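The structure appears below as structure tokens.
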Amino acid sequence: MPTPSMEDYLERIYKLIDEKGYARVSDIAEGLEVHPSSVTKMIQKLDKDEYLIYEKYRGLVLTSKGKKIGKRLVDRHQLLEHFLTMIGVQEEHIYKDVEGIEHHLSWDSITCIETLVEYFRREPERIEQLRSLRGELDKES
């Protein structure tokens, strides 16, 4: 099981490859706001743990294991962003909040949130009731 730091790298690498077709050390470093030397060290660890294949000066490729986990991590991030948006969290807080909680939730909790999001999609009046209740509570504060 990857560590939270490894998850951040795998998520970023997966997104870069999905968007650009490749992931360079400089792009990973910029996206995660770390030094390129830190990226190189983590890439070597991810290679050792068989999440990717790295060849110095040639780049990297995610293994099937790395792709599977990378996709799952991107999906988790998007689900949590959608959930927080759905329940009325202010846009400027969402990314930071997701980054703060995504590594601390079990996959069981993620599945439960996914089920709740699907429920709200099927029953949109329920989310409106939730937002209305929140508004009432905010007025009381």
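FYI, it's all coordinate maths here, none of it is from the lab. Keep in mind the model is a prediction, meaning the values are calculated, not measured. Counting neighbours? That spans all protein chains shown, and the Cβs are built from the backbone with ideal geometry, glycine included.
A few points about this structure:
- Only listed residue being closer than 16 Å to SER5 by Cβ and either of a type outside the set (A, V, I, L, M, F, W, C) or free of Cβ contacts under 8 Å to residues at least 60 places away in the same chain (or both), chosen from SER26, SER64, SER106, SER37: SER37
- Residues of region 44-56 that are in a helix (DSSP H, G or I), closer than 11 Å to GLY66 by Cβ and in contact (Cβ under 8 Å) with a residue 24 or more places away in the chain: LEU46 alone.
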